[in-house]
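Visitor: Input: one structure, supplied below.
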Amino acid sequence: FGDPGDALVAGEGIESVLTLRMLFPGLSMVAALSAGHLGAFALPQGLVRLYIALEPDPAGEAAFERLADRAGGQGIAVHPLLSQGTDPNADLQAFGPAATAARLMGQLVPADQDRVRAA
């Protein structure tokens, strides 16, 4: 969703990524549709920062590690996006959009916080 530019959010499920896109419309995102696909995601050229929506289960953690290792090896800064529950959509349903966005906003670097606020 959107041109990746220098920053991209990647996540497993479409629901998680659409939740993040709703909360942070100024950031580009990709839904891998499975943990296996997330771990194998081909990183676009020119990427400087990669946010990975980490799902706290064995498959999600393994996918995070594979993608983070590859991105780091290419000089891309990796930032996990950590939910309170199982994923961003579960947080949205449990806590609402304002609280979910506020919690996740603190996990973005300042340049991306500004990008989100400007959108």
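The values are calculated or read from the model by the stated rules, or taken from the named source; none is laboratory data. All figures in this text were calculated on a predicted structure; none of them were measured in a lab. Accessible surface areas use protein heavy atoms only, side chains included; no ligands, DNA or RNA. Shrake-Rupley method; radii C 1.70, N 1.55, O 1.52, S 1.80 Å.
Visitor: At a 1.4 Å probe radius, which order do LEU43, LEU81 fall into by accessible area, largest first? Working shown, then result.
Guide: Details: LEU43 25, LEU81 5 Å².
The most accessible residue leads, giving LEU43, LEU81.
Visitor: While we're on this one: With a probe of 1.4 Å, find how much accessible area the chain has per residue, and write the answer as a whole number in Å². Don't skip to the answer; put the middle values down first.
Guide: Details: 5620 Å² over 119 residues.
On a per-residue basis, 47 Å².
Visitor: Okay, next question. Under the Karplus relation 6.51 cos²θ - 1.76 cosθ + 1.60, θ = phi - 60°, what is the ordered set of whole-Hz ³J(HN,Hα) values for the stretch 62-69, x standing for Gly and Pro?
Guide: Values, residue by residue: 5, 4, 4, 4, 4, 5, 5, 4 Hz.
Visitor: Let me ask you something else. Of MET22, MET105, which has the most accessible area with a 1.4 Å probe, and how do the rest follow in descending order?
Guide: Working: MET22 110, MET105 35 Å².
These residues rank, largest area first, as MET22, MET105.
Visitor: On a C-alpha basis, how far is the centre of the stretch 46-87 from the centre of the stretch 1-38 in Å? Whole number, if you could?
Guide: 12
Visitor: Now for a separate question. Relative contact order for the stretch 7-118: what is it in percent, counting Cα pairs under 8 Å that are at least 6 residues apart?
Guide: Values: 174 pairs, mean separation 31.8, N = 112.
28 percent.
Visitor: Now a separate question. Please compute the Cα-Cα pair-distance distribution of the chain with 10 Å bins starting at 0, giving whole percents from short to long.
Guide: Percent of Cα pairs in each bin: 15, 51, 31, 3.
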